[in-house]
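Working notes, beginning with the structure itself.
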Amino acid sequence: MAIVSRRLTKRKQLRRRCCRVSDVMCFVGLLGIVLMVIENELIFHSVDRRDTIASWSIKLVITISTAVLLGLIIFYHYLDLSLYAVNNGIEDWRVVLSFNKTVLIALELFFCTIHPFPRHFPVQHSSEDQTTDSTSTPVPSSLYYIPLDVALGLPMFLRLYLLCRYIVFHSHLVQDTLSQSLGYLNQITMDFGFVIKTYAEQWPTRCIVIFCTIAFFVGSWSMRACDFKPTGEHMSMSDAMWLFFVTFATVGYGDLIPSTYCGR
């Protein structure tokens, strides 16, 4: 009985620590996304030119938050493996670290590593590109940039998967002791798939609205970011939302079209 009591106590402590680490991971991940959007919006509104202290500082904070996030991910998986070992009566957590689990952790770390670094990447253009005619003023080469920050910033939206983990830990299905016991007895894994399936059956309209809203705003801003041109008129957020809607709905009025390869 003493051994079982210690296992239950340790399992409760590990689950609580996993929940706390997951909350911090979600906050840090979303913070990086918000800072990435702010940094790019400064560029879009010509407030910043990617070579000022403000832009460099924001990207430095993003890099620091990314490093913290990677450390939290490693620590979370250590706790998760320890919890799995306790649930199955295994003494060493390294025994349950399979090859597939290692690959999944490596992929998670890789995708969370991608972010805009605190530096700019100017690209030199020819004299024909820098002047439109003999009377026009040459455009400084410092205003021409490879959209690398956009390419490195858009994958940061993949960090939204941390919300799924947050939902799982704060779901009543996971927090309820009776539900956990029934899950263990019936060999049901209380993962995000099970939780979201249960929520979809209980509140289908609410789940669809939330999912479509997130996809709409993320897709619209991504289209706006991909259509960025440092030397031309930039697509507004309202135009990007309209273009995303007509494209997603397969209507295609043709009144708005992306003007860059990335936008297309």
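Read-outs throughout are calculated quantities, based only on the coordinates presented, and are distinct from any laboratory measurement. Quick caveat: nothing in here was measured; it's all calculated off a predicted structure. Reconstructed Cβ throughout: ideal geometry from the backbone, glycine too, with neighbour counts over all protein chains shown.
Residue separation times 0.36 nm, minus the C-alpha to C-alpha distance between LEU173 and GLU91: what's the value?
26.8 nm
What order, most packed first, do the peptides 58-64, 8-14, 98-104, 218-224 have when packing is the mean number of other Cβ atoms within 10 Å of each residue? Before the final figure, lay out the partial values.
Values: 58-64: 17.9, 8-14: 13.9, 98-104: 10.3, 218-224: 19.7.
Descending packing order for the listed peptides: 218-224, 58-64, 8-14, 98-104.
Can you give the FRET efficiency for VAL37 and PHE211, using 1/(1 + (r/R0)^6), R0 = 22 Å, r = Cβ-Cβ distance, to the nearest 0.05?
0.65
Quick one: if you stick a label point 7 Å off each Cα along the C-beta vector at TRP242 and LYS101, how many nm between them?
My value for the distance between the label points is 5.3 nm.
Relative to the present Cα-Cα distance, how much length would full extension add between CYS164 and ALA151 at 0.36 nm per residue of separation? Don't skip to the answer; put the middle values down first.
On the way: separation 13, 0.36 × 13 = 4.68 nm, distance 2.41 nm.
Stretched out fully, the CYS164 to ALA151 stretch lengthens by 2.3 nm.
Pop a pseudo-label 7 angstrom from the Cα along the beta-carbon direction at both PHE194 and THR250 and give the gap in nm to one decimal.
3.7 nm
How would you order 160-172, 17-29 from highest to lowest mean count of nearby Cβ atoms within 10 Å?
17-29, 160-172
Using 5 Å bins from zero, what percent of all Cα-Cα pairs in region 197-250 falls into each bin?
Computed distribution, short to long bins: 4, 19, 21, 18, 12, 10, 8, 4, 2, 1, 0.
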